[in-house]
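Notes to accompany the following structure.
The values are calculated or read from the model by the stated rules, or taken from the named source; none is laboratory data. Computed from a predicted structure; not experimentally measured. Don't worry about glycine lacking a Cβ; one is built from the backbone with ideal geometry, like all the others, and counts go over all protein chains shown.
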Amino acid sequence: MLRTSAARLLATAPRGARPLSRSAPAFIRIKKPEGAAPPPPPSAPEAPAAPADSAPAEPPLPAAGATTAGLADAQAAAYEAREAREEAEPVPETPDLSKLPSLDIDPEANPNASIAEPKAEAKGKGEGGAAGGDKKSRPRKEYVSSIERQRRFMSRLGLGALLVGGVGTAYYLGQQKGESEASGNPWENFKRNFSELSDVFSKPAFTQLLPDPLPPPHQRPYTLLVDLDGLLVHSSWDRQHGWRTAKRPGVDYFLAYLSQFYEIVLFTSQPVYTGLPVAEKLDPFTLYLPYKLFRESTRYIDGKVVKDLSYLNRDLSKTILLDINSDHAALQPENAIIVKPWGGTAGDKGLVELIPFLESIGIFAPADVRPVLKNYAGKDIPKEYAKQEAAMKERVVAEWERAHPNAAAGAGSGFLSGLFGGGGQQARPKEPQTYLEIKRAQAQRAYEEEQKYYKEHAEEFARMIEEDKQRQMAEMKGSIMGFFGGAPGDQAGQPPAEAHPAQK
């Protein structure tokens, strides 16, 4: 219909009025209700007779040189004939759905039911086609970049090297024999040597923490190990002053007096950078604390810091550990004296009260101090020892009185005769002193003389210590210059050292 209208508009010659369409039912389809009779077919335009079984023929095309109006009429007639043919074909009321795939799928009733996937058409023929189908059915390989391949290769190489190194290390540790065993099982050797590798973190850095003892009479017969914080000093911190350290009352007398009987060694669990400055304040001239051991000299066992006395290079039968923590003496508890820590209170006498007991060990010189310490284990040592010393004094006085029965009577008569002007008689002899009291008096005089000497020569000691520090700094600087290729004497302003005659 649209083509007809367009053709009429494009016509050059005017035409008479004619209806828009002579077969409207053929252009407009109207849906009829169900059960209604189909409408009669529209009457076809007059045309030449044709066979009944043949389809209506298309109108002939206009001859060459026909006008535009004739061309438009021919196109309109062809369109109307095609529409007539389509109307003549019967339209089935129910479509044939047998050729369509079924979509009635119930997964619960038939879980195996599914829509069949179309088969992939094989490319090629014969064996080539079969091979192509098998290759297409195989899963596609994962894409791996070159960087990822290199990373995986290096990872495998590193794991292989680690495995080879582990096997070699195990073999080496199994072949190494201990010093105390001439031969042994490789497995036992491996376990022993492997445990020694972990000792780097749990044992002291050196097998001997102290040098060999000095020859007599310079070496003291006994060794006394003292802790620092809580025993000799107390450290505290506050917002106003920060860290402050206080000396315990009597600490100077304790160190100076007992240094006559003991080689006093500072053995603390603090690191060297915090403990050394405090130790230098306690003993600036290194007179009473010749050796100092810090956290690096302790052991770490079961999560606790332990002071192993077997590393001291000293006879344990003549070694005493004075500490405030029983965990520090876990390996040698028979050599330890555990006391309460000092909390910084003024007027404390706990340190001074220990001097008589420790002094008596140095004076009586027992062959082994461990049985002596065992007798006082778990007791208040100052009080218990004071009772023992008082009982010993009573025994000595009683023996003296039995040896001098007339001493008391003679003393009374002499007093009365002197009061009434009688003749002078022999005075009562003095009570004898114990061996401990005699030695104590000698040690006290030696302490006083020593302190007097140190006070008189304090400036000289300070000068000697400063010169020693300067000498050590110069040697350190010279060793650094020698490390970088320069001679210590080839410094600015100093002539080089003259070569020895034997080297010329």
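Just a few scattered comments:
- Some residue of the stretch 363-373 being assigned by TED's automatic domain parsing to the domain that holds residue 247, within 40 Å of the chain's Cα centre (by Cα) and without any contact (Cβ under 8 Å) to a residue 12 or more places away in the chain: no
- Residue in the stretch 395-407 that is under 30 Å from residue 223 (Cβ atoms), at pLDDT 85 or above and not polar (S, T, N, Q) present: no
- Yes/no for residue 130 being modelled with pLDDT under 55, surrounded by 10 or more Cβ atoms within 10 Å (Cβ to Cβ) and touching a helix residue (DSSP H, G or I) at 6+ places or on another chain (Cβ under 8 Å): no
- All conditions in (1) in contact with a Phe, Trp or Tyr (Cβ under 7 Å, 6 or more places away or on another chain); (2) over 21 Å from residue 332 (Cα atoms); (3) part of a strand (DSSP E or B) hold for residue 220, with the sole exception of (3).
- Filtered by the rule that a residue be of a type in the set (S, T, N, Q) and assigned to a loop (DSSP other than H, G, I, E, B), the stretch 344-370 gives a lone residue, 345.
- The set of residues from the stretch 454-504 being assigned to a loop (DSSP other than H, G, I, E, B) and either within 30 Å of residue 253 (Cβ to Cβ) or at pLDDT 85 or above (or both) comprises just one member, 457.
- Summed over the stretch 290-308, the residues that are within 10 Å of residue 267 (Cα to Cα) and surrounded by 18 or more Cβ atoms within 10 Å (Cβ to Cβ) give a count of 6.
- Residue within the stretch 215-222 that is out of contact with any Pro (no Cβ under 8 Å at 6 or more places or on another chain), without any contact (Cβ under 8 Å) to a residue 40 or more places away in the chain, among the charged types (D, E, K, R) and surrounded by 15 or more Cβ atoms within 10 Å (Cβ to Cβ) present: no
- Which numbered condition residue 314 fails, given (1) without any contact (Cβ under 8 Å) to a residue 40 or more places away in the chain; (2) surrounded by 18 or more Cβ atoms within 10 Å (Cβ to Cβ): (1)
- The residue list 437, 450, 456, 467 contains one member that is surrounded by 10 or more Cβ atoms within 10 Å (Cβ to Cβ), of a type in the set (Asp, Glu), more than 30 Å from residue 365 (Cβ to Cβ) and not assigned by TED's automatic domain parsing to the domain that holds residue 357, which is 467.
- Among the conditions (1) free of Cβ contacts under 8 Å to residues at least 24 places away in the same chain; (2) loosely packed, with under 15 Cβ neighbours inside 10 Å, residue 343 misses just one, which is (1).
- Filter result (of a type in the set (Lys, Arg) and in contact (Cβ under 8 Å) with a residue 40 or more places away in the chain) within the stretch 245-276: 248
- Filter result for residue 281 (touching a strand residue (DSSP E or B) at 6+ places or on another chain (Cβ under 9 Å), modelled with pLDDT under 95, surrounded by fewer than 16 Cβ atoms within 10 Å (Cβ to Cβ) and within 16 Å of residue 231 (Cβ to Cβ)): yes
- Looking across the stretch 246-274 at every residue that is of a type in the set (Val, Ile, Thr) and touching a Pro at 6+ places or on another chain (Cβ under 9 Å), the one that is nearest to residue 356 (Cα to Cα) is identified as 264.
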